[in-house]
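Below: one structure, written as structure tokens.
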Amino acid sequence: STTPVKVAVTGAAGQIGYSLLFRIASGALLGPDTPVELRLLEITPALKALEGVVMELDDCAFPTLAKVEIGDDANKVFDGVNHALLVGARPRGPGMERGDLLEANGGIFAPQGKALNDVAADDIRITVTGNPANTNALIAMSNAPDIPTERFSALTRLDHNRAISQLAAKLGVPVTEIKKMTIWGNHSATQYPDLFHAEVSGKNAAETVGDQDWLAGTFIPTVAKRGAAIIEARGASSAASAASATIDHARTWVEGTADGDWVSMAVRSDGSYGVEEGLISSFPVTVKDGAWSVVQGLDIDDFSRGKIDASVAELAEERDAVKGLGLI
Ligand code: NAI
């Protein structure tokens, strides 16, 4: 039998964890033929709840689940891991300023970056879902000097999937007809979902929609504010869809993108499309043989330029704030 692939999940006792773990354990991430060893990190007070989740994982008798280990010490839980899905983060509390939020998350992602640097497997791939995801990924990356920077990413696949779903609904086509969707920038309300390079049944999406007012006034804000709409309706933030997108992201990183399509991933900018080098920003990427590359050569018009620049400016501000706090 093959050696299990070790998948670490942080914040494993949280809402996203409750959807994510069962799907990973059932083979949704690595397929039906690859055994998985789950390594679950939580803070000490949440370990008891996590033990309950592990009882449920046991009770599923998943053929692909080889082993589960839990703990509150990143240096033990991350030992030898091949994938790290960093979901656990500090949410914004009442009256919390952005600086306080970044500082609290720096206290999580700096030590987790160091631990991954010291004990993860050589092929480690890191996906940050916990918010503020792009800047948390930057903090982890900056604290892991021995891990190649291209192994760090942040999740914008949920935004990408939301954009596909909204466009498909508008045009009355199945989601499978939509290709080449792109989310640019930050996983925040400034993100830019781009229809000018997307395709519907092989035709340009913006032209097919043919309605700039809908694109600018409905589509973009609906995608960018979808998280808030779900909190308003459900009384809790998106969890199953965030877990599903986290799996899509990590699975694409392993399996690659389909011919004629790409996905959105927030990765370290090399300066492409005028995005300041070193920021973790969302781009259109293709993946082959386990490595991503930013799609090159897209024409960016003035409308898109303005939207991308605004989101990247926010990322630069967050970067400056965490630099000021000595976190990177
Ligand atoms: P939750 O509050 O239900 O769970 C978070 C868990 O993380 C808690 O169990 C907590 O104990 C744990 N945790 C906190 N600090 C930790 C640490 N240092 N090490 C390990 N675990 C730690 O939150 P939920 O709903 O599961 O969301 C998790 C994160 O994902 C939040 O930051 C949320 O904003 C973010 N999110 C990101 C999305 C994206 O598209 N990038 C979409 C939806 C949510």
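Since every read-out is calculated from the coordinates, none of them should be taken as a lab result. As the structure is a computational prediction, the values presented were derived from the model and not from experiment. Ideal geometry is used to build each Cβ from the backbone, glycine not excepted, and the neighbour counts take in all protein chains shown.
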So in region 35-46, with the set limited to residues that are surrounded by fewer than 18 Cβ atoms within 10 Å (Cβ to Cβ) and part of a helix (DSSP H, G or I), which one is nearest to the ligand (Cβ to nearest atom)?
Pro45
Say whether the condition of being more than 16 Å from the chain's Cα centre (by Cα), in a helix (DSSP H, G or I) and within 12 Å of the ligand (Cβ to nearest atom) is met by at least one residue in region 150-166.
no
Answer from Ala66, Ala61, Ala25 - the residue that is aliphatic (A, V, I, L, M) and buried (at least 19 other Cβ atoms within 10 Å of the Cβ)
Ala25
How about region 237-246: which of its residues are near the ligand (Cβ under 7 Å from one of its atoms) and surrounded by fewer than 17 Cβ atoms within 10 Å (Cβ to Cβ)?
Ser237
Check whether at least one residue in region 109-124 is of a type in the set (Val, Ile, Thr), within 27 Å of Asp159 (Cα to Cα) and in contact (Cβ under 8 Å) with a residue 60 or more places away in the chain, and report yes or no.
no
Reported set for region 1-43 where residues are among the acidic types (Asp, Glu) and in contact with a helix residue (DSSP H, G or I) (Cβ under 7 Å, 6 or more places away or on another chain) is Glu42
Within region 212-244, can you find the residues that are outside any helix (DSSP H, G or I) and either within 17 Å of Lys170 (Cα to Cα) or within 22 Å of the chain's Cα centre (by Cα) (or both)?
Lys225, Ala236, Ser237, Ser238, Ala239
Is it the case that region 249-264 has a residue that's surrounded by fewer than 14 Cβ atoms within 10 Å (Cβ to Cβ), within 20 Å of Asn186 (Cβ to Cβ) and in contact (Cβ under 8 Å) with a residue 40 or more places away in the chain?
no
Residue hits (region 107-133; away from the ligand (no atom under 11 Å from the Cβ) and either more than 15 Å from Val9 (Cβ to Cβ) or polar (S, T, N, Q) (or both)) are Gly113, Lys114, Asn117, Asp118, Val119, Ala121, Asp122, Asp123
Would you point out the residue of region 95-104, among those that are more than 14 Å from the ligand (Cβ to nearest atom) and in a loop (DSSP other than H, G, I, E, B), that is nearest to Val5 (Cα to Cα)?
Glu97
Being small (Gly, Ala, Ser) and in contact with a helix residue (DSSP H, G or I) (Cβ under 8 Å, 6 or more places away or on another chain), is that true of even one residue in region 293-305?
no
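Residue by residue, here is whether (1) surrounded by fewer than 24 Cβ atoms within 10 Å (Cβ to Cβ); (2) polar (S, T, N, Q); (3) touching a Gly at 6+ places or on another chain (Cβ under 9 Å); (4) more than 21 Å from Val267 (Cβ to Cβ) holds:
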{"site": "Leu158", "(1), (2), (3), (4)": "no, no, yes, no"}
{"site": "Ala163", "(1), (2), (3), (4)": "no, no, no, no"}
{"site": "Leu167", "(1), (2), (3), (4)": "no, no, no, yes"}
{"site": "Leu171", "(1), (2), (3), (4)": "yes, no, no, yes"}
{"site": "Pro174", "(1), (2), (3), (4)": "yes, no, no, yes"}
{"site": "Trp184", "(1), (2), (3), (4)": "no, no, no, no"}
{"site": "Val200", "(1), (2), (3), (4)": "yes, no, no, yes"}
{"site": "Lys203", "(1), (2), (3), (4)": "yes, no, no, yes"}
Could you please find all residues in region 270-327 being closer than 27 Å to Gly113 by Cα, in a loop (DSSP other than H, G, I, E, B) and free of Cβ contacts under 8 Å to residues at least 12 places away in the same chain?
Gly271, Glu277, Gly326
Being in a helix (DSSP H, G or I) and closer than 19 Å to Ala321 by Cα is the filter here, so list the residues in region 105-132 that pass it.
Asn105, Gly106, Gly107, Ile108, Phe109, Ala110, Pro111, Gly113
